[in-house]
Amino acid sequence: MAEEKQKKIRVLIAKPGLDGHDRGAKIIARALRDAGMEVIYTGLHQTPEQVVATALQEDVDAIGLSILSGAHNYLFPRVLELMKEKGLEDVMLFGGGIIPDEDIAKLKAMGVKEIFTPGTSTEEVIKFLRENIKK
Amino acid sequence: MIDVQSLKKIQERKVQWEQTTLKKTLEVMPERQAKFVSLSNRPVKVLYTPLDIAGMDYNEDIGFPGEYPFTRGIHATMHRGRLWTMRQFAGFGTAEDTNRRFHYLLSQGQMGLSVAFDLPTLMGYDSDHPISRGEVGREGVAIDSLEDMEILFKGIPLDQISTSMTINGPAIVLLAMYLAVAEKQGVPPAQLRGTLQADILKEYIAQREWICPPEPAMRILTDIIVYCTRHMPRWNSISISGYHIREAGSTAVQELAFTLYDGLTYVDYGIRAGLEVDEFAPRLSFFFNAHNDFFEEIAKYRAARRIWARELKRRYNPKNPRSLMLRFHTQTAGCSATAQQPLNNIIRTTIQALAAVLGGTQSLHTNSYDETLALPTEEAVTIALRTQQIIAYESEVTNTVDPLGGSYYLERLTNEMEEAAYDYFKKLDALGGMIPAIHQGFPQKEIQEAAYTYQKQIENKEKIIVGVNEFVAKEETPIKILKIGPEVEKKQLERLENVKKRRDPIKHKAALEQLRAAAKGKENLVPPVLEAVKAYATVGEICDVFREVFGIYQDPGFF
């Protein structure tokens, strides 16, 4: 039982900053849970510090940030920086939202593993996490 | 509507038709789908006939435009007399940037302004608050102090233009700033025309930009209603908004039901605050979404007018017929726009805008095709405005009132929307009203469920979205997008710092003290907020007083 539980992928879905558009984040959270993963959802208005603290405390395999406000160029790098500081190098950071292609390239070069834009199916996200998190 | 004898004949012919003509056709050519459902997931039949509206009473349920129950429109001549207000929502960067866009839109034939504020402003934080980092001026214009507001409306005569402000948690602060700018222009409050969104209930249900818990937020809102009623007779004190409920993923039925129920809650609070229904109900306005399902949307607007008129009459029996009229602004569905093949959004917007016009809207915002990628460019917003102008001046759909009224399908659909909304009313009543329902997460969970269902329908291709799950193109032509650089934040922080240095510290402190005392007591909060604003207290400082006295609302975060 305990061993089986250990095999489950644990994901933190976070809404950093002031952005209140949480439909996508909640759909993803629900879809990942329906796919058998353990999902923690932060709720709205989290600071990067709070997101990383929750990730550490919950011992997650991945953090997914949902940002639709345009603040991604500040929030993703800040979360990456804090993850490094707290020794969360093994935790994968991915994200979703309204993020222009050129910014996606920059964010990926910094260490964000993947960014999903509107129109992505929940199946794609599930598949991506299963392939990239080996448990 | 039709006599029993005729209905009987229609029924007989219908059965015959089903057994012969329809049956034969289906044998040779089966239907494309096993079932047809509306965007709200409600079944749609192959054909509608007079049988579907057999129980309807024309005079009671449909009637004449400009008369109770206003199903066909609130004015006798509707768009023949006056077109809707073409009101494009705009705001980005600093007050100077947005002021330039306002002047441009007015020069292009826009008839009213509609201000989009950035997230820190919407949440009641100043640009220099740590949580505002990266958000300043991005989704709207950054407003910290009266100085920003003065720049925003520079060269715009407030006695001639009507302004709509999309602001909720800190609505009282922005209203006070608008009053202060008008005062400097020499325009008295009684002459101001426009709308304050100030719909706080839908923030907890859907839009999620709040400051305090619902109970004190309702006190602030009631103070706004009372103040506007007493001093601003041409101003719409609230825009009761289904738009955001829909954007959060609700169905058309949920949008209709939750919005109207919120509206009735506001009327109750106004009455409890000592107002007569006829004093303020005529100044309540509504804001609906226009999504893709053309007929369902038109039915939604018609049902909304009818339910509002019926409920206001039943509950409060107003003397002024204007109290029964549901006036509404519409915005095309941002959530329906796709990032893939963005030019397709122009077509979606056109269909949605047409539904709003045929549904009898008083005011309309058409989304720009690039809004799924960034804030709209000047080119994109111009096309969006032109879409409205083409419908208004070229399509001729404005030549008669409620042209689809009497369609068997549309009338049946209008009835169904009404029934479904009343089902939700009963559930909300059973939970003790909207505020207890919000605390229990009822509307939030209903919307979430609908959003998830819709996502699954798209993934299973039960619903086709052109360019997303069908007709996908590999190569995409890049489009120009508007970029907000980091210099906006820097510039805004500098101005804020200067304002703080320049203002009179004694006056500033005294004004905030007075506001604190008022918040702890029972007096109307608009006058002390106005004083604080004039002393150049910032949005964040004023909202901090509310946070301190009333507490902060935390997102329950369930999914």
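The values are calculated or read from the model by the stated rules, or taken from the named source; none is laboratory data. Fair warning: this is a prediction, and the values are worked out from it, not measured in the lab. Please note: Cβ atoms are built from the backbone with ideal geometry, for glycine as well, and neighbour counts cover all protein chains shown.
When you go through B:Lys501, B:Lys509, B:Lys426 one by one, which is the residue that is within 30 Å of B:Gly55 (Cα to Cα) and modelled with pLDDT of 95 or more?
Values: B:Lys501 fails: within 30 Å of B:Gly55 (Cα to Cα); B:Lys509 fails: within 30 Å of B:Gly55 (Cα to Cα).
When all the criteria are applied, what remains is B:Lys426.
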Could you count how many residues in the stretch B:499-525 are surrounded by fewer than 13 Cβ atoms within 10 Å (Cβ to Cβ), in contact (Cβ under 8 Å) with a residue 12 or more places away in the chain and more than 35 Å from the chain's Cα centre (by Cα)?
2
Sole exception among (1) in a helix (DSSP H, G or I); (2) buried (at least 16 other Cβ atoms within 10 Å of the Cβ); (3) without any contact (Cβ under 8 Å) to a residue 40 or more places away in the chain; (4) touching a Lys or Arg at 6+ places or on another chain (Cβ under 9 Å) for B:Glu183, by number
(2)
So, restricting to helices (runs of 4 or more DSSP H) that lie completely within the stretch B:81-174, which ones have at least 1 residues that are among the charged types (D, E, K, R)?
B:95-107, B:146-152
Return a yes/no flag: does the stretch B:343-365 have any residue that is within 14 Å of chain A (Cβ to nearest Cβ) and in a loop (DSSP other than H, G, I, E, B).
no
I'm trying to understand the selection: among the residues of the stretch A:100-135, which are closer than 25 Å to A:Leu56 by Cβ, within 14 Å of chain B (Cβ to nearest Cβ) and not in a helix (DSSP H, G or I)?
A:Ile115, A:Phe116
Please determine whether any residue of the stretch B:98-105 is within 14 Å of chain A (Cβ to nearest Cβ), over 19 Å from B:Arg193 (Cα atoms) and either in contact (Cβ under 8 Å) with a residue 12 or more places away in the chain or crowded, with 22+ Cβ neighbours inside 10 Å (or both).
no
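How many residues does the stretch B:214-262 hold that are of a type outside the set (Lys, Arg) and in a helix (DSSP H, G or I)?
31
A quick yes/no check of all residues on (1) over 21 Å from the mean Cα position of the chain (by Cα); (2) hydrophobic (A, V, I, L, M, F, W, C):
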position	(1), (2)
B:Leu385	no, yes
B:Asn415	yes, no
B:Tyr424	no, no
B:Lys445	no, no
B:Gln448	no, no
B:Gln457	yes, no
Restricting to the stretch A:25-40, name every residue that is surrounded by 18 or more Cβ atoms within 10 Å (Cβ to Cβ) and more than 14 Å from A:Asp61 (Cα to Cα).
A:Ala25, A:Lys26, A:Ile27, A:Ile28, A:Ala29, A:Arg30, A:Ala31
The stretch B:413-422: number of residues that are touching a residue at least 12 places away in the same chain (Cβ under 8 Å) and surrounded by fewer than 21 Cβ atoms within 10 Å (Cβ to Cβ)
4
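Which of the residues that make up the stretch B:305-326 are hydrophobic (A, V, I, L, M, F, W, C) and either in contact with a strand residue (DSSP E or B) (Cβ under 7 Å, 6 or more places away or on another chain) or under 10 Å from B:Pro69 (Cα atoms) (or both)?
B:Ile307, B:Trp308, B:Ala309, B:Leu324, B:Met325, B:Leu326 - these are the residues of the stretch B:305-326 that are hydrophobic (A, V, I, L, M, F, W, C) and either in contact with a strand residue (DSSP E or B) (Cβ under 7 Å, 6 or more places away or on another chain) or under 10 Å from B:Pro69 (Cα atoms) (or both).
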Is it the case that some residue within the stretch A:60-75 is buried (at least 17 other Cβ atoms within 10 Å of the Cβ), more than 22 Å from B:Gly485 (Cβ to Cβ) and among the aromatic types (Phe, Trp, Tyr)?
no
Among (1) in contact with a helix residue (DSSP H, G or I) (Cβ under 8 Å, 6 or more places away or on another chain); (2) under 24 Å from B:Ala171 (Cα atoms); (3) within 14 Å of chain A (Cβ to nearest Cβ), where does B:Lys534 come up short?
(3)
Can you report the number of residues in the stretch B:535-559 which are modelled with pLDDT of 95 or more and surrounded by fewer than 18 Cβ atoms within 10 Å (Cβ to Cβ)?
5
If B:Val46 satisfies every condition in (1) on the phi > 0 side of the Ramachandran plot; (2) surrounded by fewer than 18 Cβ atoms within 10 Å (Cβ to Cβ) but one, which is the exception?
(1)
Within the stretch B:365-386, tally of residues that are surrounded by 23 or more Cβ atoms within 10 Å (Cβ to Cβ) and more than 30 Å from A:Ala71 (Cβ to Cβ)
0
Evaluate the stretch A:34-45: report whether one residue or more is among the polar types (S, T, N, Q) and more than 14 Å from the chain's Cα centre (by Cα).
no
